[in-house]
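No lab work stands behind these numbers, since they all come straight from the coordinates. All values derive from a computational prediction rather than experimental measurement. When we count neighbours, we look across all protein chains shown, and the Cβ atoms used for this are built from the backbone with ideal geometry, even at glycine.
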Amino acid sequence: MHRSARPYASNCKRQRRKLMHNKQEDLMLQSQSLTDEQKQWLISLSGYLSMQNGYSLDCLLDKSETYPLQAIINGNVKVLKNSYDIHSKADLVETLNVFTDTARSDQFVNSLIQSVRHDLYIEHFFLNRNNDKNSNEYMVSEWAEKHNVSLSDCGIKGFDVGRSAFLCRCAYTTGLITEQETWYYLLVLGKIAQQLFTDWQEFAMSHIVGRLTWVGVKLTKEEDFSDRYPRSFEVKLEIKRDIEELMSILADDEHPWCQLDWTIDL
């Protein structure tokens with residue numbers, strides 16, 4: 001019995017690997033024939049962080065009217081190396097894989113489930129009522145409870161998708177990956193995003209709540225945040241600007257988020 005089971009299990013693994021390989025090949029081929037509209041849609045996944053850095057959304061390359069290209073390249077290198085420890089294409093791919101399923105995102109989803117299931121909510125309340133209210137778990141559970149309807153299907157993965165798309169642009173701008181590789185990675189992200197979100201507004205909401213949990217902003221008293229985060233005033237100003245920029249994007253009829261159909265065929 002065991003002898004016959006091993007070849008079967010091994011065959012299943014080979015079939016799964018073959019399917020994954022075929023899917024990658026299909027996406028690679030598809031990424032080589034993207035329309036201009038599809039390309040702008042994929043670039044726009046980085047729209048929030050690109051706007052913060054003053055980068056345009058009309059081409060794959062990070063460019064700005066304010067800074068020369070070499071200055072942007074130098075800045076992108078610092079972002080990749082210092083903020084994300086990305087020094088090679090392999091590092092980038094590993095980071096993109098991590099961002100598809102971060103521990104913080106999983107924690108948020110678990111908290112969402114607990115907040116809508118009465119039995120789990122009561123159990124969680126009694127088991128954790130003496131927990132440190134400055135802990136990451138407590139902070140995430142607060143945000144999950146607040147958004148257990150608006151983010152019930154997507155969680156905070158908008159933050160991970162947005163960061164990933166921005167890192168792809170940075171990697172291309174610095175020469176870490178080729179143009180074709182960049183379109184492939186963006187296409188993978190685009191298909192993930194379309195499965196998770198219903199429109200650009202939901203994507204934006206998921207992004208900002210994800211950022212708030214990543215920074216560690218709580219919903220409770222202001223002094224709690226000050227104790228937790230010594231730079232609380234600067235961080236609050238930064239997040240206030242983040243929210244204002246997101247609102248300005250969603251109110252700008254000229255911005256791609258307000259012009260491109262979320263359900264574009266990818």
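Descriptive notes on the structure:
- Mean Cβ count within 10 Å, highest first, over the residues of peptides 89-101, 241-253, 72-84: 72-84, 89-101, 241-253
- Cα→Cβ-extended label distance, 7 Å offset, between residue 258 and residue 93, nm: 4.0
- Listed pairs 63/146; 89/157; 157/240; 23/157; 89/191 exceeding 29 Å between Cα atoms: 63/146
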